[in-house]
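The values are calculated or read from the model by the stated rules, or taken from the named source; none is laboratory data. A quick note: this is a predicted structure, and the numbers were derived from the prediction, not measured. Ideal geometry is used to build each Cβ from the backbone, glycine not excepted, and the neighbour counts take in all protein chains shown. Keep in mind that these areas ignore ligands, DNA and RNA; they rest on the heavy atoms of the full protein, side chains included. Shrake-Rupley method; radii C 1.70, N 1.55, O 1.52, S 1.80 Å.
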Amino acid sequence: MTAVCDTPVKGKMLRATKLGVCGDPIVGAGGWPVHVTSKGFVSVEYAAEVDDGEEIDQKDANGDPLVYEPARRRIKLYNVTVTCGRVDPELYTLFTGMPVVLDEDGNATGMRVTSAVNLDSAVALEVWSGTQLKKCVAGAIQRPRFGYFLLPQIIDGQVGDFTIENGAASFTLTGKAIENPGWGVGPYDVYLRKAGVERLMDPMGDQDLLHLDWTYLPPPAPTCGLTVRPPDGTVVADPA
């Protein structure tokens, strides 16, 4: 068995998909997922939160070792920070559950930050990167390759600190990425195979936190606001 070795370079695209209470993607018009696709981000940080476990080291009455069991570490979740350089109010409300602000025509122009605890809002987050390897590989699909990163569920989304100054303002979205078997193989095609486009080969399981891979399928085009994307590529506003 061979391996594919490459280096992720730069962030190409981000897609956040609205999730229901069971972690399943929420669908809108035509049964397609409600999501926001954006390239207006500066960075996405993944920081593992680790449970160090509990060591058992019991000595007998003479002080000699009696029972020893080393602590076993595990990743509990990922703390995620998305730094945004472009304000898309519906991306922010999708991530945080904060109410959106509408103008007289019903356009989303802003959001309202509240002190309410965010218990219900959750999103899945996909990020595409470029890669270092540019040359075509014999026997492979002759297309550019992309890095693909999937967090199947982010909860507890919040808007972080920001500064208005003599320069471009950036905003941070933070959340906790946890397991989500409700994502399954996902609602989107994310791979380009020799036989055509495909979703994940294996569904996200009960303990799966993060999926990373290479793909030849280019990332979706950026949009502004909540959209659903039917198979023909037409973008329509989600009525919800």
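Worth a mention:
- Residue match in region 30-38 (condition: over 30 Å from residue 190 (Cα atoms), exposed (fewer than 12 other Cβ atoms within 10 Å of the Cβ) and among the small types (Gly, Ala, Ser)): no
- Strands (runs of 3 or more DSSP E) contained entirely in region 1-107, each with at least 1 residues that are touching a residue at least 40 places away in the same chain (Cβ under 8 Å): 8-18, 35-38, 41-51, 74-84
- Within region 61-103, being touching a helix residue (DSSP H, G or I) at 6+ places or on another chain (Cβ under 8 Å) and of a type in the set (A, V, I, L, M, F, W, C) holds for 82, 84, 98, 100, 101.
- Qualifying residue in region 58-79 (condition: within 26 Å of residue 40 (Cα to Cα), open to solvent by 20 Å² or more (accessible area, probe 1.4 Å), of a type outside the set (A, V, I, L, M, F, W, C) and within 18 Å of the chain's Cα centre (by Cα)): yes
- Against the test of being among the polar types (S, T, N, Q), open to solvent by 20 Å² or more (accessible area, probe 1.4 Å) and under 20 Å from residue 85 (Cβ atoms), the options 207, 158 yield a single qualifying residue, 158.
- Exclusive hit being β-branched (Val, Ile, Thr) and open to solvent by less than 50 Å² (accessible area, probe 1.4 Å), set 93, 109: 93
- The lone exception for residue 188 - which of (1) buried (at least 17 other Cβ atoms within 10 Å of the Cβ); (2) over 27 Å from residue 215 (Cβ atoms); (3) aromatic (Phe, Trp, Tyr) it fails: (2)
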